[in-house]
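The values are calculated or read from the model by the stated rules, or taken from the named source; none is laboratory data. The shown structure was predicted, so the numbers you read here are calculated from the model rather than taken from an experiment. Every residue, glycine as well, gets a Cβ built from its backbone with ideal geometry; the counts of neighbours run over all protein chains shown. Surface areas here come from the heavy atoms of the whole protein model, side chains and all, with no ligands, DNA or RNA. Shrake-Rupley method; radii C 1.70, N 1.55, O 1.52, S 1.80 Å.
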Amino acid sequence: MSQERAKIVFLINSLGGGGAEKIMKTLLENIDRDKFDVSLSFTCENRIDYDIDQSIPLHMPNFDSVRVNAISYFIIKMLSLIRCVIPLSEYKQLRKRYSDIYNRLVNLYKGFVVTRDYVETVKPQLIVSFLFYSSLIAIVLKWISKNRFKVVCSDHCTLTNELKNYFPLTYVYLPRLLYKGLDAYVAVSEGVQRDLVESYHLSREKIRIINNGSNIQEIKALSLRPVPSEVKLLLPNDGVFSIVNVGRLAPPKNQAVLLKAFQIVRKHCACRLYVVGQGELLTELTNLASVLGITQDVYFLGWQENPFSIMAKCDLFVLSSSWEAFPNVLVEAMAVGLPIVSTDCPTGPREALADGAYGDLIPVNDIEALANAIIRMHDDTARRMKFARLGADRAETFAFSHMIGSYEHLINELLAKY
């Protein structure tokens with residue numbers, strides 16, 4: 001290889017507020033740009049919720065400029081019709097389902113076209129894609145380019161859980177077919193690796209486990225900053241036990257279970273619950289809080305650019321997810337100094353908390369167990385302080401420098417075979 005910087009294109013759906021998006025930002029801002037000529041391109045929408053270093057070349061495609069040709073239009077129509085009647089039990093929702101699927105496939109087509117054009121212009125030696133939507137595009141581009149570049153994918157989810165709602169008949173076979181063209185896959189936890197090997201028959205030799213990394217020192221500094229004025233009024237310093245949850249308001253995060261558990265906890269002690277995040281389930285969750293009669297003590301704070309200052313004002317962090325890949329937010333909570341109660345969901349929490357040594361793990365969807373774990377944390381101040389102290393040390397093992405070094409090592413290894 002020449003001494004010129006290797007060209008690497010990073011692909012992601014967008015930089016909307018999510019864990020994978022935050023990791024992409026961290027990776028791009030800290031990778032050795034003296035060695036690698038990097039750029040970032042969106043494949044789904046031009047949305048940016050995170051401030052990103054302005055020196056990083058950012059391609060924001062004009063999705064609206066893409067016109068669907070007749071053949072592609074016919075294929076999309078047929079695929080939409082086939083998918084919208086599966087399962088048949090949802091036949092009454094046929095029109096809405098068809099519309100949703102059709103729009104999703106049109107957007108995928110447009111994302112593919114604009115990404116193809118960009119890749120043909122840049123001519124990278126390597127593509128690194130985050131999230132399944134972008135990974136699908138990257139792998140197909142590799143196929144049609146006749147392997148002109150290497151591809152590394154990282155979906156930042158447990159595919160079996162993430163895809164079965166979208167592809168009920170093909171969620172196993174589609175990735176099996178696609179991932180045959182991969183050069184490497186980055187699994188963010190051992191559980192994700194296990195799922196890839198057992199469900200999708202991906203070779204272990206192609207999988208690298210690289211835990212998500214966090215900028216621990218930055219998180220600590222941000223946690224000391226003032227809380228936004230509109231939120232400050234909701235965080236009175238009156239000694240009332242405060243619980244915080246940070247994450248998308250989406251099915252995997254399962255905040256409904258947390259609300260139901262909070263109803264039980266509230267009967268035991270004075271407490272408040274702060275839910276930080278945005279998502280499609282906001283209306284459903286606010287309605288549930290009303291039905292449960294807990295509205296006056298539950299605060300939905302929406303997307304927050306700096307959630308750490310809010311977390312630092314609370315007494316306990318709770319993760320209620322049904323499934324994860326590797327929950328960055330647990331590392332962030334430990335860095336802030338919060339004790340943790342988390343569901344023992346597949347995958348990630350058990351690894352992050354070292355089998356419960358750094359926080360309580362409780363069964364998924366067990367409302368009573370979650371409530372009891374929160375009550376136990378409330379009643380035992382010494383235990384909370386112990387977990388807070390131990391967690392702060394544990395967070396350091398997930399410093400982003402380890403993640404950056406692992407990615408650079410993998411990239412160098414693949415480029416050596418270029």
Would you say Val152 is modelled with pLDDT of 70 or more and surrounded by 15 or more Cβ atoms within 10 Å (Cβ to Cβ)? yes
Check Thr115 against each of (1) assigned to a helix (DSSP H, G or I); (2) among the hydroxyl-bearing types (Ser, Thr, Tyr); (3) open to solvent by less than 40 Å² (accessible area, probe 1.4 Å); (4) under 24 Å from Val192 (Cα atoms) and name the one condition it does not meet. (4)
Which residue, of Ser55, Ser39, is touching a Pro at 6+ places or on another chain (Cβ under 8 Å) and either over 27 Å from Ser189 (Cα atoms) or of a type outside the set (A, V, I, L, M) (or both)? Ser39
Counting only residues that are surrounded by fewer than 19 Cβ atoms within 10 Å (Cβ to Cβ) and of a type in the set (Ser, Thr, Tyr), the range 340-397 contains a total of 2
Checked pairs for the range 249-263, first among the charged types (D, E, K, R), second outside any helix (DSSP H, G or I) and surrounded by fewer than 20 Cβ atoms within 10 Å (Cβ to Cβ), C-beta under 8 Å and 6 or more apart or across chains, list as Lys253/Gly279; Lys253/Ser322
Considering each residue of the range 172-193, count those that are without any contact (Cβ under 8 Å) to a residue 40 or more places away in the chain and surrounded by fewer than 19 Cβ atoms within 10 Å (Cβ to Cβ), and give that number. 6
Taking the range 240-277 and keeping only residues that are under 25 Å from the mean Cα position of the chain (by Cα), of a type in the set (Val, Ile, Thr) and open to solvent by 20 Å² or more (accessible area, probe 1.4 Å), one is left with Val246
Going by the conditions given, is Ser203 more than 19 Å from Phe317 (Cα to Cα) and open to solvent by 10 Å² or more (accessible area, probe 1.4 Å)? yes
So, of the residues in the range 52-77 that are at pLDDT below 85 and part of a loop (DSSP other than H, G, I, E, B), which turns out to be farthest from Ile23 (Cα to Cα)? Asn69
Could you check Cys157 against (1) more than 15 Å from Leu174 (Cβ to Cβ); (2) open to solvent by 10 Å² or more (accessible area, probe 1.4 Å); (3) touching a Leu at 6+ places or on another chain (Cβ under 9 Å) and say which number it fails? (1)
Unique residue being under 14 Å from Cys153 (Cβ atoms), of a type in the set (Val, Ile, Thr) and not in a loop (DSSP other than H, G, I, E, B) when the list is Val231, Val186, Val197: Val186
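Results for (1) among the β-branched types (Val, Ile, Thr); (2) within 28 Å of Ser309 (Cβ to Cβ), shown as yes or no for each residue.
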| position | (1), (2) |
| --- | --- |
| Thr343 | yes, yes |
| Leu353 | no, yes |
| His378 | no, yes |
| Leu390 | no, yes |
| Ala399 | no, yes |
| Glu408 | no, no |
| Asn412 | no, no |
I'm checking my understanding of the structure. Among residues of the range 319-338 that are surrounded by 24 or more Cβ atoms within 10 Å (Cβ to Cβ) and over 17 Å from the mean Cα position of the chain (by Cα), which one is farthest from Met403 (Cα to Cα)? Leu338
Listing of strands (runs of 3 or more DSSP E) fully contained in the range 251-319 that carry 1 or more residues being within 21 Å of Asp49 (Cα to Cα): 271-276, 298-302
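Listed here are the residues, each with its yes/no results for (1) among the β-branched types (Val, Ile, Thr); (2) out of contact with any Pro (no Cβ under 9 Å at 6 or more places or on another chain).
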{"position": "Lys180", "(1), (2)": "no, yes"}
{"position": "Tyr185", "(1), (2)": "no, yes"}
{"position": "Asp195", "(1), (2)": "no, no"}
{"position": "Glu198", "(1), (2)": "no, yes"}
{"position": "Arg204", "(1), (2)": "no, yes"}
{"position": "Ile207", "(1), (2)": "yes, yes"}
{"position": "Ile219", "(1), (2)": "yes, yes"}
{"position": "Leu224", "(1), (2)": "no, yes"}
{"position": "Val227", "(1), (2)": "yes, yes"}
Could you tell me whether Asp34 is open to solvent by 50 Å² or more (accessible area, probe 1.4 Å) and assigned to a helix (DSSP H, G or I)? no
Residue pairs, Cβ under 8 Å, 6 or more apart or interchain, first in the range 119-142 and open to solvent by less than 10 Å² (accessible area, probe 1.4 Å), second part of a strand (DSSP E or B) and aromatic (Phe, Trp, Tyr). List them. Ile127/Phe10; Val128/Phe10; Ser129/Phe10; Phe130/Phe10
Do any residues in the range 57-70 that are under 12 Å from Thr43 (Cβ atoms) and open to solvent by 60 Å² or more (accessible area, probe 1.4 Å) have Cβ atoms under 9 Å from those of residues that are modelled with pLDDT of 80 or more and part of a loop (DSSP other than H, G, I, E, B), where the two are at least six apart or on different chains, and which pairs are they? Met60/Asn46
